[in-house]
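These notes are about the structure you will find just below.
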Amino acid sequence: NSSQGGGTRKGEIARKILDHDPTCAGGAKSSSRTRPPSTALDETTMAAAAIMAPGVLLKCATTVGVFLVALKRQRRSKRVHESREDGVPATTEVGQSEDPDHRPPILAGPRPCMGDLSAMETVVNLVTCVPYFRMARSVPVGVSVWNRLFSLSCTFTGVCAFLYHLSTGKIRNFFRRLDYTAVALSAVSLTCARTTEATRPLFAAALSAVLAPFQPLLVAGAHMISTEVAFLRRALSDPKLRETHFRHTCSGLLGFALFYGDDWFPQVPYLHAAWHVLSAHATSLTGCLVQSQVA
């Protein structure tokens, strides 16, 4: 009887080992039972990537397309200016003389926009500078020095925009370039704030800071694309960020369209003010990206 009881206990122990040991047959069965959730998670991630990737690709493609169009217009304006110096009137494809001064500021350098055409529009442009200061306050500055630098750059952008819309005369050109430079420096500081010590591109950031006063939109565009790719990757790995990423992409695309529309249709009022609000909102949503990178 004792030998039979011992055999029974050994059989029970053997069954328990087979049920819990992953190297045994029973363990393999239990391991196979845990695979479907992992597969479901991979399918969910791929589905989220398929939904969010078109928005990011559209924003990147729009940025590249605007750069190419602006470069083409810059070269055409240069030819028009050279032909006028030679005394030959230049015309466009439809036979009308082309104004070489009206061109997108991308790659051609900043120029004073034709906004602030009325006192009401100036007031609205000044009021819509406030979101930049609110955006600066939303950055978790106590985490690292790079976060504090990003917060200060957002504040600097708001101050430069405020001074630009208040200025008149020749000094307006200086504040316009300073405004563009502040936007580029904010994009550079965001890149440093969202990356870790191991992946922080200090050399590229230093080079971008040097180039910012000369090619501000080129610098801002490059860092914006980098941030969009990083935000997409974080949203794919963290489902909690996907809704924020969607709102960021939508507001960024609409804001970018208004920014370019403000240059093409300067007679339309309040386009620049709408750009202020949307750009500040899209950038403020990257605060969760900074927090998630720190975490």
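Okay, here's what the table says:
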{"item": "Sole exception among (1) more than 17 Å from Phe231 (Cβ to Cβ); (2) open to solvent by 50 Å² or more (accessible area, probe 1.4 Å) for Asp179, by number", "result": "(2)"}
{"item": "Subset of region 189-212 (residues that are open to solvent by less than 50 Å² (accessible area, probe 1.4 Å) and either within 20 Å of Asp179 (Cα to Cα) or of a type in the set (A, V, I, L, M, F, W, C) (or both))", "result": "Ser189, Leu190, Thr191, Cys192, Ala193, Ala204, Ala205, Ser208, Ala209, Ala212"}
{"item": "Within region 262-282, considering residues that are open to solvent by 40 Å² or more (accessible area, probe 1.4 Å) and in a helix (DSSP H, G or I), the one modelled with the lowest pLDDT", "result": "Trp264"}
{"item": "Test: residue in region 254-261 that is touching a Gly at 6+ places or on another chain (Cβ under 8 Å) and either in contact (Cβ under 8 Å) with a residue 60 or more places away in the chain or open to solvent by less than 40 Å² (accessible area, probe 1.4 Å) (or both)", "result": "no"}
{"item": "Test: residue in region 159-167 that is at negative phi, in contact (Cβ under 8 Å) with a residue 12 or more places away in the chain, among the polar types (S, T, N, Q) and surrounded by fewer than 24 Cβ atoms within 10 Å (Cβ to Cβ)", "result": "no"}
{"item": "Test result for Arg233, free of Cβ contacts under 8 Å to residues at least 40 places away in the same chain, within 19 Å of Ser138 (Cβ to Cβ) and open to solvent by 50 Å² or more (accessible area, probe 1.4 Å)", "result": "no"}
{"item": "For Met120: the one exception among (1) in contact with a helix residue (DSSP H, G or I) (Cβ under 8 Å, 6 or more places away or on another chain); (2) assigned to a helix (DSSP H, G or I)", "result": "(1)"}
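The values are calculated or read from the model by the stated rules, or taken from the named source; none is laboratory data. These numbers come from a predicted model, not from an experiment. With ideal geometry, Cβ positions are generated from the backbone for all residues, glycine too; neighbour counts draw on all protein chains shown. The protein model used for the area step is the full one, side chains on, heavy atoms only, and it has no ligands, DNA or RNA in it. Shrake-Rupley method; radii C 1.70, N 1.55, O 1.52, S 1.80 Å.
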